[in-house]
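Asks: So that we are looking at the same thing, I have put the structure below in structure tokens.
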Amino acid sequence: MRRGTRSQNGGFTLIELLVVMGIVSALIAVALPRYSDYRAHSFDSRAEIDLRSVAMAEEAYFLEKEEYLSCANDTCSQLPGIQRLSPGVTLNVTASKNGFTGTSSHPKGSGKTFTWDSIKGGLVN
């Protein structure tokens, strides 16, 4: 057997394996923080979409009953068209005679809280 040639079994050398592991590790180190950002953004989107859906349902409820409904989390399913919220979304709606204010967030999101004010015309932030 000559020096510098591969053996008959065709395996990889230790150096080749270490180089591949280094490249894969570098790619993971770059991709992991971006993945976490995308994931937090998707949870924030769930909270925002649920708030928008509840706001539209509040307006439909007002057309039918001529009043707004205060609700929180699962009690918002009393509104027309709302069967349930996305898992983990925290939602709170405070009704008044002239309008309502709602907030929503998700604990796995970026920490952002979305606010809807019907008197001001919709989503505040």
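The values are calculated or read from the model by the stated rules, or taken from the named source; none is laboratory data. Model, not experiment: these values are computed from the prediction. Neighbour counts run over all protein chains shown; Cβ positions are idealised from the backbone, glycine included.
Asks: Restricting to the range 48-74, what's the tally of residues that are free of Cβ contacts under 8 Å to residues at least 60 places away in the same chain and surrounded by fewer than 17 Cβ atoms within 10 Å (Cβ to Cβ)?
Replies: Of the residues in the range 48-74, 14 are free of Cβ contacts under 8 Å to residues at least 60 places away in the same chain and surrounded by fewer than 17 Cβ atoms within 10 Å (Cβ to Cβ).
Asks: Among the numbered criteria (1) in a helix (DSSP H, G or I); (2) modelled with pLDDT under 90; (3) not acidic (Asp, Glu), which single criterion is violated by Ala57?
Replies: Single failed check for Ala57: (2).
Asks: Got a sec? Which of Ser36, Ser86, Ser45 is modelled with pLDDT under 95, part of a helix (DSSP H, G or I) and surrounded by fewer than 18 Cβ atoms within 10 Å (Cβ to Cβ)? Reasoning before the result, please.
Replies: On the way: Ser86 fails: part of a helix (DSSP H, G or I); Ser45 fails: modelled with pLDDT under 95.
Result of the check over Ser36, Ser86, Ser45: Ser36.
Asks: Can you name the number of the only condition in (1) touching a residue at least 40 places away in the same chain (Cβ under 8 Å); (2) hydroxyl-bearing (Ser, Thr, Tyr); (3) not in a loop (DSSP other than H, G, I, E, B) that Ser77 fails?
Replies: (1)
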